[in-house]
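S.K.: Provided herewith is a single structure, encoded as structure tokens, for subsequent inquiry.
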């Protein structure tokens, strides 16, 4: 067992609080000193300062607006964080007065809060021209208003918050980043204050991150300067700004950078005895430095403000550090986290490496000393099996990749089954510190190759009992129980399940010499030649497909154990043909074939450029050799495809310490058959409603009802069909269930708000959510709202309802917990320091959704975009149902999406959906999913196609992506159109944009047209959105089939044509459903696409002659064209306009058809069944011999249908006039009587026909029938 501490001692600064208080009459000093008192748990000291500063503001009519806002912010934060109401009436009057001043003056230039003010004015107006409208001021006003108590100017305050944010996003964003001053593009050193401490922006907001990059580039040396044009005292670096930036980094989780900055400031304080306003040695302009020094008495002013900020930043650093610390004398802390957060992609600087040492490995143990000094001496005392080492091991200083300074010692190597403990000791002059002992058991791999016996099982399966090495316990008697076993059972899916049980199984049955089980079209054979385990997968003709690997020191089964007897990992080794390709493995972006790759299963949020990392891993590997393997486990696993030896495939998986079992499932057959079998094992996909397959519209920029309705109206004005609208920026960004600008009485966290509890003001961003949704529904649009499964950390920014909810969350234990029962918070990255909801707790789930019930039940939303979910960090986390972080890392996204999916079904009469980014095996039971965050590049376009193909092969058919990309500036017109073409032939067709910028980032066709100067984008996008609606009957019919079989809608060529070696790794084209081959143009500037057509006849969807495959051809594809081919003997349903032409406009209606048509391309024989959600079920049979076509249809039709039949030999066998029963030309004979020819397809009525080129249009009506076309 690991030893992990969790104490984080308080940080104490030089001189203490008392020294800082003396003489601090400035507003900034008093405000931030009060915050420091609150941080240190000294509310009475904070209160005394707050009373003074309120009196100062009320008694001085000349108080600057920024000082007044600072006072209100400090007072409001105190009241809300301490649950103390003091002088409520007078306090509300004070707040109303300050909010009133902000309302009157916030748009007026003010002296910079770090340059102006009374003290500096008294020094001779040293800052000339420093007034402006600054981002930091707007953030301060925002924070002050948000902190104001309820009823103290509520409506005015909410209006102001809205106006401030609107100004920021309209005027303060340049080149993708937020800027510091209206009318300027410069970044100032205090720009971070917009997030920390004022909270107007989030610490991970992209526009702020981009500004931070510029700040580091232009204003940061060892410290931080105010701005490029600053000349006061020569434009020196400033300790206050350096501490402010360090405070931000500490909260963001970049502790090394925070320490680096704070270390510099502490060095200045130690060198100078105290901190001054600037570091004179860093002057950019020495001439100006000398001038201002002369004006100020040859001395830089001392800065108690910097001293206070230093203490606040140090406190944030202590609060944001890793757990596992141990204290010593005078506040020295040693931090060691042996396994970090068990994240395979993120290594903490103070981890052990390797985290779980194996026999023969050297072990590096690293410890973090806080504070760090190079003069410190650190040693490690180690024990092996209770025997202490003769001498401590000295540690040396290392710099971690993130810049953190750590102490590192080298231990080992050790032998198998050794038990090792170690502890750290630090000496720094007279001061010392030590840690408790940390322990690990050395692990080693053991081959399980000797078979004790085979026994038949009552259920038709059998077991292979294995000789147990001493490392996994005592060996049982022959035929008895307690020994490891492999248990084989046939499954109804056609798979054979092989379960490894470390503790064995009671097997009572007839002894066997060997055994075999039918495996779909093949079989699995198990034997023990020479007493060694041998597995073999064989095809129907007895060809060996794969077999257990037994050479080069490897065995079929290997286990990783330690002295405790626990099996930590199991490795299955297979001998596979090096020529075999490997597919599946969940949604992967960089590779479709994994030969030569190591692929692990770990749900992960990789922002852009995912490589082999993924939001949706699935441990299902499909071989081109005709077999596949599924590891039925939620735990971490790794597949190595020919990486160590060319003929070796390794599947290595963690085992649960409790169950000590692992099941692998083998399937044999064609790819589509195996995916169908896998779906039976993992769960069939759940069918989404038909409306979810129309075109979607979405943007992170639509942050008001007016904007949403504007976009919907533009869609209607351009006659562009759309069936789904996603609203992301709708909530208060604190509770994530309350609309922005909504007014309400804060309730106890255990209670839920209903729609009638809110007042939605006319001036607010969402004046009528219910009416808005009703209007969108009337336009044929379903509505999804964005969600996230976290309770957000606000870093001290008060929010009444969020704060009440947090109290309930923590009191009731509705959150995920650490191993010691304390609340778990996200350790880094997105939503750092936030809690996550425990959906395994029924009471927590009910509480969570009660707060969101009004959204579905009263407003009527149709689903939720369930973003994120990659939030479980650490094997030892505890869930209500007894689960741990070990399994929940991969399962949590399914649990989260599934909880929302079940919730929305209760209130959506036409079916609701979730739209999720993350998932694992079984994600298909909670549709739908999208590919996460990608760039707007052609490379990302190609990667997204790979992601769609791999998802489909992994049992997740209802998938889409942000066409044209999501991140950064808009795609080019070419990329947008090419992406839209492909997305029209994708399970989900959606455009989406990231966030607001200097320019409109929307991926709407009208914005792309305007921004790129290419107006034809609108008509081109409309063309393919109309085509999408034309194809909707076919798409939904294919979705029904996918829900029943698990076979994907978007399928790789290899899946459909496994016998064609040209298709094995072909990913530049794919099949969309069973009938259409789609070849999107994915190379920039190309207007010719190379298309491979497998064996058989193919017909272009958009007209042209038949092409005989196999054939590789070059196809012209202008910017408004995409090559798509119909497979021979195919039927697919269409919804067509009166002219019966593809890309004709039929609107967004999904509960009926303009003209339901069946397009037939018959070369020999066809039998297919169409089904929809409107009661139509029709089976069509057709056969063609020469020029004679026999056609019949039967079933249940709810409306008239029209057949569109391609006749390749039309011109040579049909006259311009088609006469019934005529001997002069071909004839059409029907069992339903006379057919009438019309000259124009728009005149078609039941019982009539028309011919256009090589296409015959038959209006068949709504009754079953049959006919013969030909001589």
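S.K.: Could you tell me whether the range 818-827 includes any residue that is surrounded by fewer than 17 Cβ atoms within 10 Å (Cβ to Cβ), in contact (Cβ under 8 Å) with a residue 60 or more places away in the chain and within 26 Å of residue 146 (Cβ to Cβ)?
M.R.: Checked the range 818-827: no residue is surrounded by fewer than 17 Cβ atoms within 10 Å (Cβ to Cβ), in contact (Cβ under 8 Å) with a residue 60 or more places away in the chain and within 26 Å of residue 146 (Cβ to Cβ).
S.K.: Within the range 1100-1117, is there a residue that is modelled with pLDDT of 95 or more and under 35 Å from the mean Cα position of the chain (by Cα)?
M.R.: yes
S.K.: Go through the range 777-791 and give me each residue that's in contact with a helix residue (DSSP H, G or I) (Cβ under 7 Å, 6 or more places away or on another chain) and either part of a strand (DSSP E or B) or surrounded by 22 or more Cβ atoms within 10 Å (Cβ to Cβ) (or both).
M.R.: If the condition is that a residue be in contact with a helix residue (DSSP H, G or I) (Cβ under 7 Å, 6 or more places away or on another chain) and either part of a strand (DSSP E or B) or surrounded by 22 or more Cβ atoms within 10 Å (Cβ to Cβ) (or both), then 781, 782, 783, 785, 787, 789, 791 are the ones that fit.
S.K.: From the set of residues in the range 1182-1198 that are farther than 9 Å from residue 1263 by Cα and touching a strand residue (DSSP E or B) at 6+ places or on another chain (Cβ under 7 Å), which is modelled with the lowest pLDDT?
M.R.: 1187
S.K.: Let me ask another. Look at the range 375-399 and say how many of its residues are part of a loop (DSSP other than H, G, I, E, B), more than 14 Å from residue 336 (Cα to Cα) and touching a residue at least 24 places away in the same chain (Cβ under 8 Å).
M.R.: Final tally of qualifying residues: 5.
S.K.: Name the one entry in 280, 261, 287 that is more than 17 Å from residue 204 (Cα to Cα) and in contact with a helix residue (DSSP H, G or I) (Cβ under 6 Å, 6 or more places away or on another chain).
M.R.: 261
S.K.: Here is a further query. If only one of 712, 716, 774, 734 is closer than 27 Å to residue 802 by Cα and either surrounded by 15 or more Cβ atoms within 10 Å (Cβ to Cβ) or touching a residue at least 12 places away in the same chain (Cβ under 8 Å) (or both), which one is it?
M.R.: After applying the criteria, what remains is 734.
S.K.: Sticking with this structure for a sec: Looking at residue 923 and the list (1) more than 16 Å from the chain's Cα centre (by Cα); (2) surrounded by 24 or more Cβ atoms within 10 Å (Cβ to Cβ); (3) closer than 17 Å to residue 584 by Cα, which single condition is not satisfied?
M.R.: (1)
S.K.: Go through (1) surrounded by fewer than 21 Cβ atoms within 10 Å (Cβ to Cβ); (2) over 26 Å from residue 870 (Cβ atoms) and name the single condition residue 798 misses.
M.R.: All conditions are met except number (1).
S.K.: So which of 673, 652 ends up being over 30 Å from residue 1025 (Cα atoms), modelled with pLDDT of 95 or more, surrounded by fewer than 23 Cβ atoms within 10 Å (Cβ to Cβ) and more than 28 Å from the chain's Cα centre (by Cα)?
M.R.: After applying the criteria, what remains is 673.
S.K.: Okay, moving on. Within the range 403-424, how many residues turn out to be surrounded by fewer than 18 Cβ atoms within 10 Å (Cβ to Cβ) and not in a loop (DSSP other than H, G, I, E, B)?
M.R.: 3
S.K.: I would also like to ask the following. If residue 887 satisfies all but one of (1) assigned to a helix (DSSP H, G or I); (2) crowded, with 22+ Cβ neighbours inside 10 Å, what's the number of the condition it fails?
M.R.: Only one criterion in (1) assigned to a helix (DSSP H, G or I); (2) crowded, with 22+ Cβ neighbours inside 10 Å is unmet by residue 887, namely (2).
S.K.: Right, here's the next one. Of the numbered conditions (1) in a helix (DSSP H, G or I); (2) under 23 Å from residue 173 (Cβ atoms), residue 965 fails exactly one; give the number of that condition.
M.R.: Residue 965 satisfies all of (1) in a helix (DSSP H, G or I); (2) under 23 Å from residue 173 (Cβ atoms) except (1).
S.K.: Of all residues in the range 437-449, which are in a loop (DSSP other than H, G, I, E, B) and in contact with a strand residue (DSSP E or B) (Cβ under 6 Å, 6 or more places away or on another chain)?
M.R.: Answer for the range 437-449, where residues must be in a loop (DSSP other than H, G, I, E, B) and in contact with a strand residue (DSSP E or B) (Cβ under 6 Å, 6 or more places away or on another chain): 437, 448, 449.
S.K.: Within the range 1235-1251, identify whether any single residue is in a strand (DSSP E or B), modelled with pLDDT of 90 or more, over 25 Å from residue 1141 (Cβ atoms) and within 52 Å of the chain's Cα centre (by Cα), and answer yes or no.
M.R.: No.
S.K.: Any chance the range 745-758 includes a residue that's in contact with a helix residue (DSSP H, G or I) (Cβ under 8 Å, 6 or more places away or on another chain), part of a helix (DSSP H, G or I), closer than 30 Å to residue 1029 by Cα and at pLDDT 95 or above?
M.R.: Within the range 745-758, none of the residues are in contact with a helix residue (DSSP H, G or I) (Cβ under 8 Å, 6 or more places away or on another chain), part of a helix (DSSP H, G or I), closer than 30 Å to residue 1029 by Cα and at pLDDT 95 or above.
So that you can scan it fast, the table gives a plain yes or no per residue for (1) on the phi > 0 side of the Ramachandran plot; (2) crowded, with 21+ Cβ neighbours inside 10 Å; (3) modelled with pLDDT under 95:
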| site | (1), (2), (3) |
| --- | --- |
| 485 | no, yes, yes |
| 503 | no, no, yes |
| 513 | no, no, yes |
| 519 | no, yes, yes |
| 527 | no, no, yes |
| 531 | yes, no, yes |
| 541 | no, no, yes |
| 561 | no, yes, no |
| 570 | no, yes, no |
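S.K.: Answer yes or no as to whether residue 628 is crowded, with 24+ Cβ neighbours inside 10 Å, over 30 Å from residue 937 (Cα atoms) and without any contact (Cβ under 8 Å) to a residue 60 or more places away in the chain.
M.R.: It is true that residue 628 is crowded, with 24+ Cβ neighbours inside 10 Å, over 30 Å from residue 937 (Cα atoms) and without any contact (Cβ under 8 Å) to a residue 60 or more places away in the chain.
S.K.: Only helices (runs of 4 or more DSSP H) wholly contained in the range 242-347 count here; list those with 3 or more residues that are within 24 Å of residue 193 (Cβ to Cβ) and either at pLDDT 95 or above or under 44 Å from the mean Cα position of the chain (by Cα) (or both).
M.R.: 255-272, 304-320
S.K.: Among the listed residues 847, 766, which satisfies the condition of being touching a strand residue (DSSP E or B) at 6+ places or on another chain (Cβ under 7 Å) and either in a helix (DSSP H, G or I) or crowded, with 20+ Cβ neighbours inside 10 Å (or both)?
M.R.: Going through 847, 766 in turn, just one is touching a strand residue (DSSP E or B) at 6+ places or on another chain (Cβ under 7 Å) and either in a helix (DSSP H, G or I) or crowded, with 20+ Cβ neighbours inside 10 Å (or both): 766.
S.K.: Which of the residues spanning the range 170-190 are surrounded by fewer than 17 Cβ atoms within 10 Å (Cβ to Cβ) and within 27 Å of the chain's Cα centre (by Cα)?
M.R.: 175
So that you can scan it fast, the table gives a plain yes or no per residue for (1) closer than 19 Å to residue 922 by Cβ; (2) surrounded by 23 or more Cβ atoms within 10 Å (Cβ to Cβ):
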residue	(1), (2)
586	yes, yes
607	no, no
637	yes, no
642	no, no
645	no, no
669	no, no
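S.K.: Collect the residues in the range 354-371 that are in contact with a strand residue (DSSP E or B) (Cβ under 8 Å, 6 or more places away or on another chain) and crowded, with 16+ Cβ neighbours inside 10 Å, keeping them in residue-number order.
M.R.: Answer for the range 354-371, where residues must be in contact with a strand residue (DSSP E or B) (Cβ under 8 Å, 6 or more places away or on another chain) and crowded, with 16+ Cβ neighbours inside 10 Å: 356, 357, 358, 359, 363, 364, 365, 366, 367, 368, 369, 370.
S.K.: Here's another thing I want to ask about it. Taking the range 911-939 only, how many residues are without any contact (Cβ under 8 Å) to a residue 60 or more places away in the chain and assigned to a helix (DSSP H, G or I)?
M.R.: Selection size over the range 911-939: 1.
The values are calculated or read from the model by the stated rules, or taken from the named source; none is laboratory data. The shown structure was predicted, so the numbers you read here are calculated from the model rather than taken from an experiment. For neighbour counting, all protein chains shown are included, and Cβ atoms are generated from backbone atoms with ideal geometry for every residue, glycine included.
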